Amino acid sequence: MTRFDAQVAARFDAAAGSYDAHSAAQRHAAQRLVEHLVPLSLPPRPRILEIGCGTGHLTERLARHFPGAHILATDIAPAMLAACQTRLNQSSRIRFNVMDGCRPASADFYDLICGNLVAQWFDDLPGACARLAAHLAPGGTLLLSLPGGETFREWKAAHTRLDLVAGTQPLPTPEGCRAALPPGDNRVDTEYWIDRPADGLAFLRGLRAIGADTAAAGHIPLAPAQLRRVLRELGPAPSFTYELIYLRHRAP
């Protein structure tokens with residue numbers, strides 16, 4: 001595990017108890033991922049590897065959509081995995097394991113490998129996609145969602161207007177995501193989802209509550225006076241855009 005991975009894992013560990021109450025975007029994207037699965041011809045009892053399961057938004061939907069599936073739910077943060085297990089361990093078909101989804105430690109092959117809003121944390125998206133695709137059974141599917149570069153454009157624009165630098169993580173474009181997939185039968189879809197918190201401070205608190213507040217490398221946090229300027233610039237009822245990108249790769 002890299003130093004950055006350890007930092008991300010620690011943030012998500014700390015947020016396991018508050019995650020569900022502040023993860024509307026994650027629930028939305030999980031539902032969309034399942035809808036992307038509808039036209040796929042998976043086996044009646046598919047073998048599924050989920051990376052970055054969090055507290056189980058996608059895991060729960062996978063178990064419901066594929067009642068005969070054998071699911072391995074994994075996460076880099078032990079506390080998140082424990083929360084998912086508490087939520088779903090009534091099913092003997094679901095196993096749980098701490099694992100870095102960017103570097104899967106598995107000798108098995110799967111009909112479906114999926115991850116919901118997790119691939120943005122990978123330090124090497126093309127390498128991660130290649131390593132995950134190597135664990136697909138013949139005809140298997142890799143399906144990922146992640147936020148794109150237009151995510152939080154309102155937050156970044158407010159900083160720019162004030163000659164400040166936002167600490168948001170760099171995120172890929174849809175074209176960059178397409179280029180990250182291994183050669184083959186690939187598809188990239190994009191949608192925009194709008195978050196409307198009570199105010200800018202509630203937006204920041206929500207990110208912290210889900211563990212997604214790790215700043216970009218080298219970012220110097222704003223001084224309190226600078227942060228207050230940004231919050232005033234956003235106005236009393238801001239909205240924040242999520243650019244949600246869905247990646248699909250089919251193995252031959």
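The residue that is nearest to Phe122 (Cα to Cα), counting only those in the stretch 1-58 that are assigned to a loop (DSSP other than H, G, I, E, B) and of a type in the set (Val, Ile, Thr), is Thr2. Can you tell me which residue in the stretch 160-179 is nearest to the chain's Cα centre (by Cα), limited to those that are among the small types (Gly, Ala, Ser) and more than 12 Å from Gly218 (Cα to Cα)? Out of the qualifying residues, it is Gly176. Screening Asp199 with (1) in contact with a Leu (Cβ under 9 Å, 6 or more places away or on another chain); (2) closer than 30 Å to Arg248 by Cβ; (3) among the acidic types (Asp, Glu) gives one miss only, at (2). Please determine, by comparing only the residues of the stretch 106-124 that are outside any loop (DSSP other than H, G, I, E, B) and of a type in the set (A, V, I, L, M, F, W, C), which one is farthest from Phe4 (Cα to Cα). Among those that are outside any loop (DSSP other than H, G, I, E, B) and of a type in the set (A, V, I, L, M, F, W, C), it is Leu112. Pick from the stretch 73-129 the residues that are surrounded by fewer than 19 Cβ atoms within 10 Å (Cβ to Cβ) and under 15 Å from the mean Cα position of the chain (by Cα): which of them is nearest to Pro252 (Cα to Cα)? Result: Asp124. For the stretch 198-211, the condition of being surrounded by fewer than 17 Cβ atoms within 10 Å (Cβ to Cβ), in contact (Cβ under 8 Å) with a residue 24 or more places away in the chain and of a type in the set (Asp, Glu) holds for at least one residue. Only a single item in (1) farther than 20 Å from Ala251 by Cβ; (2) touching a residue at least 12 places away in the same chain (Cβ under 8 Å) is not met by His135, and it is number (1).
Selection over the stretch 11-49 of residues that are surrounded by fewer than 19 Cβ atoms within 10 Å (Cβ to Cβ) and small (Gly, Ala, Ser) gives a count of 6.
Reported count of residues in the stretch 59-81, each being part of a helix (DSSP H, G or I) and touching a residue at least 40 places away in the same chain (Cβ under 8 Å), is 4. Put simply, of Gly52, Gly56 the only residue that is farther than 23 Å from Ala133 by Cβ, crowded, with 23+ Cβ neighbours inside 10 Å and modelled with pLDDT of 95 or more is Gly56. Only one of the listed residues (Ala202, Ala215, Ala223, Ala179) is modelled with pLDDT under 95, out of contact with any Asp or Glu (no Cβ under 7 Å at 6 or more places or on another chain) and not acidic (Asp, Glu). That residue is Ala215.
Check the stretch 229-238 and report whether any residue there is surrounded by 12 or more Cβ atoms within 10 Å (Cβ to Cβ), in contact (Cβ under 8 Å) with a residue 40 or more places away in the chain, under 22 Å from the mean Cα position of the chain (by Cα) and part of a loop (DSSP other than H, G, I, E, B).
Here is the first cut: in the stretch 229-238, the residues surrounded by 12 or more Cβ atoms within 10 Å (Cβ to Cβ) are 229-235, 238.
From what's left, in contact (Cβ under 8 Å) with a residue 40 or more places away in the chain: 229-230, 233-234, 238.
Retained after the next criterion (residues that are under 22 Å from the mean Cα position of the chain (by Cα)): none.
Among the residues of the stretch 229-238, not one is surrounded by 12 or more Cβ atoms within 10 Å (Cβ to Cβ), in contact (Cβ under 8 Å) with a residue 40 or more places away in the chain, under 22 Å from the mean Cα position of the chain (by Cα) and part of a loop (DSSP other than H, G, I, E, B), which makes the answer no.
The values are calculated or read from the model by the stated rules, or taken from the named source; none is laboratory data. Predicted, not measured: the structure shown is a model, and the values here were computed from it. Neighbour counts run over all protein chains shown; Cβ positions are idealised from the backbone, glycine included.
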